[in-house]
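S.K.: Provided herewith is a single structure, encoded as structure tokens, for subsequent inquiry.
The values are calculated or read from the model by the stated rules, or taken from the named source; none is laboratory data. Values in this document were obtained by computation on a predicted structure and should not be read as measured data. No Cβ is skipped: glycine too gets one built from the backbone with ideal geometry, and neighbour counts run over all protein chains shown.
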Amino acid sequence: MTTVLIHEALRLLREQMDPSVEMALTLDVVPSEDIAALLQMHELDSDRKVTILACCILIRMAVMKHRRLSAEDNEQLTRAILDGDYLSGLVYRLASRRKEWKLLGMLTPLQKRMQLALLRGRAAEGLFAEQRQHIAEYLNRSCA
């Protein structure tokens, strides 16, 4: 039963992840079956169980990536990355609290594309211009 829940959570994550993020999602990122078993012991809607487990998988992925980074790089760099992640989380919290689901759906893959472009050496000013263009398109669609 927990295997089905784990596979459903992975399916949900694959559906939610924008292909442009260039990040593989494999079974090695699944938390121990303890969380899935814990969820099975509670009277929750199946969709809610899948959502909770999927969020736990995302957290595990982030921690594993940061752990690898902190073992290889210096503390200042690791801190900067963690601070950036925290600020990204605030975007999600703010948008979701305000029920700006379409905005969040547009910003999430855009942010990842911006991060990848910076990694490849693209200038930040050009990325911010692209962000402005996406916001303008979003506003034109939502206000029309």
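S.K.: Out of (1) more than 22 Å from ARG11 (Cα to Cα); (2) surrounded by 14 or more Cβ atoms within 10 Å (Cβ to Cβ), what's the single condition that is false for GLU125?
M.R.: In the conditions (1) more than 22 Å from ARG11 (Cα to Cα); (2) surrounded by 14 or more Cβ atoms within 10 Å (Cβ to Cβ), GLU125 misses (2) alone.
S.K.: On to the next question. Criterion first (out of contact with any Asp or Glu (no Cβ under 9 Å at 6 or more places or on another chain), among the aliphatic types (A, V, I, L, M) and not assigned by TED's automatic domain parsing to the domain that holds GLU15) does LEU90 satisfy it?
M.R.: yes
S.K.: Would you pick out the residues in segment 38-53 that are in a helix (DSSP H, G or I), without any contact (Cβ under 8 Å) to a residue 40 or more places away in the chain and of a type in the set (A, V, I, L, M)?
M.R.: Listed by number, the residues that qualify are LEU38, LEU39, ILE52.
Residue-by-condition table, conditions (1) within 18 Å of SER20 (Cβ to Cβ); (2) out of contact with any Leu (no Cβ under 9 Å at 6 or more places or on another chain):
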position: ASP45; (1), (2): no, yes
position: ARG60; (1), (2): no, yes
position: LEU77; (1), (2): no, no
position: GLY89; (1), (2): no, yes
position: GLU100; (1), (2): no, no
position: ALA123; (1), (2): no, yes
position: GLU130; (1), (2): yes, no
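S.K.: Closer than 21 Å to ASP18 by Cβ, assigned to a helix (DSSP H, G or I), touching a Phe, Trp or Tyr at 6+ places or on another chain (Cβ under 9 Å) and without any contact (Cβ under 8 Å) to a residue 60 or more places away in the chain: is that true of MET106 in this structure?
M.R.: yes
S.K.: Now, a different point. Checking VAL21 against (1) over 30 Å from ALA117 (Cα atoms); (2) surrounded by 13 or more Cβ atoms within 10 Å (Cβ to Cβ); (3) modelled with pLDDT under 85: exactly one of these is not met. Which one?
M.R.: Going through the list (1) over 30 Å from ALA117 (Cα atoms); (2) surrounded by 13 or more Cβ atoms within 10 Å (Cβ to Cβ); (3) modelled with pLDDT under 85, VAL21 breaks only (1).
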